[in-house]
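Everything below concerns the one structure shown next.
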Amino acid sequence: MNARLTPSTALMLTLPPLLWAGNAVVGRLVNAMVPPVTLNFLRWLIALALLLPLAWGVFRPGSELWPRWRRFAVLGLLGIGVYNALQYLALQSSTPINVTLVASSMPVWMLLIGWLFFGARVARRQVGGAVLSIAGVLLVLSRGEWQHLLALRLVPGDLFMILATIAWSVYSWLLTQPRDPPHIRADWSAFLAAQVGFGLLWSAAFALGEQQLLRPPPVQWSWGLGAALLYVAAGPAIIAFRCWGAGVQRVGPNIAAFFNNLTPLFAALLSSAFLGEAPHWYHAAAFVLIVGGILMSARRP
């Protein structure tokens, strides 16, 4: 966890924000087609189906998973059941811009939770890196004009995203604890499948509660929804979780958290691409600030 931030690790931690930016956009696009908690359940059901050919053995009787099932149940609850359900709930009443703005507080939560519960020391360079990184996020969201931030209004969905960010911070710190069976830890597909298996049970329980308590409209099946589900299952779920978990284990949650602030920048660039708009100067400036925050936080004393 104390390894130096190498180019390969930086690339590994850059890919999840890119995929998660697409996840926020897709989640907003399909919110009228499928209830948010049901969307989370369907997403991870497909993800587990994709993982099983690689990692079916982790669930067999006698597997190393079962003596540690409580740990994986907690990882599945926080990283899969709670975080993603709250994010899709947030997108019901909030915009992707507001969601990414709230999520940009993740470096602060990572530093705070690590200090309070995991005995992590907070260095001045990490605080400075957090300030630089969040400044870059605000620059994108304000489109280079700070008075635009005054027009942003918080809604209930933003509270959901705060809770989701706290859950993800705890999840990321738990990934660094050396309590996993060595054979499962060494096999990324088994390690992820174990989390997804328990997370799917949580997601199913939450989706059942959504159906019973809220009585949402039925799912509007279509080829577009199918393509969206396949994307959020393969990209933001399997690939992003794999890269994030490996990156966190290499450099620790405090440094990895700063990469999450690339998400709103990627979201802005993806929107520009889909809308046919050219990138603006503040995109480049924000990139410099966010990367500067990453480098400052990762610099060894």
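Quick one: which helices (runs of 4 or more DSSP H) lie wholly within segment 155-220 and hold at least 2 residues that are surrounded by 22 or more Cβ atoms within 10 Å (Cβ to Cβ) and within 18 Å of the chain's Cα centre (by Cα)? Fully inside segment 155-220 and qualifying: 156-175, 188-213. With the requirement that a residue be modelled with pLDDT of 75 or more, closer than 27 Å to H280 by Cβ and touching a Leu at 6+ places or on another chain (Cβ under 9 Å), what does segment 105-133 give you? Those that are modelled with pLDDT of 75 or more, closer than 27 Å to H280 by Cβ and touching a Leu at 6+ places or on another chain (Cβ under 9 Å): G129, A130, L132.
Yes/no per residue for (1) of a type in the set (A, V, I, L, M, F, W, C); (2) surrounded by fewer than 17 Cβ atoms within 10 Å (Cβ to Cβ):
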| site | (1), (2) |
| --- | --- |
| S8 | no, yes |
| L18 | yes, no |
| N23 | no, no |
| G27 | no, no |
| I46 | yes, no |
| G62 | no, yes |
| W66 | yes, yes |
| W69 | yes, yes |
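Among the residues of segment 220-234, are any under 19 Å from M12 (Cβ atoms) and either out of contact with any Asp or Glu (no Cβ under 6 Å at 6 or more places or on another chain) or without any contact (Cβ under 8 Å) to a residue 40 or more places away in the chain (or both)? Looking through segment 220-234, at least one residue is under 19 Å from M12 (Cβ atoms) and either out of contact with any Asp or Glu (no Cβ under 6 Å at 6 or more places or on another chain) or without any contact (Cβ under 8 Å) to a residue 40 or more places away in the chain (or both).
When you check V74 against the structure, is it modelled with pLDDT under 85 and either closer than 20 Å to A164 by Cα or part of a helix (DSSP H, G or I) (or both), yes or no? For V74, the condition - modelled with pLDDT under 85 and either closer than 20 Å to A164 by Cα or part of a helix (DSSP H, G or I) (or both) - is not met. Go through the residues of segment 120-138 one by one and say whether even a single one is free of Cβ contacts under 8 Å to residues at least 40 places away in the same chain, in a helix (DSSP H, G or I) and under 22 Å from P16 (Cα atoms). Yes, because at least one residue in segment 120-138 is free of Cβ contacts under 8 Å to residues at least 40 places away in the same chain, in a helix (DSSP H, G or I) and under 22 Å from P16 (Cα atoms).
Yes or no: A85 in a helix (DSSP H, G or I), buried (at least 21 other Cβ atoms within 10 Å of the Cβ), at pLDDT below 90 and aliphatic (A, V, I, L, M)? Spelling it out, it is not the case that A85 is in a helix (DSSP H, G or I), buried (at least 21 other Cβ atoms within 10 Å of the Cβ), at pLDDT below 90 and aliphatic (A, V, I, L, M). Inspection of segment 40-57 identifies no residue that is farther than 24 Å from A207 by Cβ and basic (K, R). Taken as a whole, the condition of being without any contact (Cβ under 8 Å) to a residue 40 or more places away in the chain and of a type outside the set (D, E, K, R) applies to P53.
The condition of being more than 18 Å from the chain's Cα centre (by Cα), in a helix (DSSP H, G or I) and either among the acidic types (D, E) or within 29 Å of L213 (Cβ to Cβ) (or both) does not hold for W20. Yes or no: segment 184-205 includes at least one residue that is touching a residue at least 12 places away in the same chain (Cβ under 8 Å), touching an Asp or Glu at 6+ places or on another chain (Cβ under 8 Å) and more than 24 Å from G22 (Cα to Cα). Checking segment 184-205: at least one residue is touching a residue at least 12 places away in the same chain (Cβ under 8 Å), touching an Asp or Glu at 6+ places or on another chain (Cβ under 8 Å) and more than 24 Å from G22 (Cα to Cα).
For segment 134-181, the candidate set comprises residues that are more than 30 Å from V74 (Cβ to Cβ) and touching a Leu at 6+ places or on another chain (Cβ under 6 Å); within that set, the residue that is modelled with the highest pLDDT is A135.
The values are calculated or read from the model by the stated rules, or taken from the named source; none is laboratory data. Remember, it's a predicted structure, so these values are computed and weren't measured experimentally. Here Cβ is always computed from backbone atoms with ideal geometry, including for glycine, and neighbour counts include all displayed protein chains.
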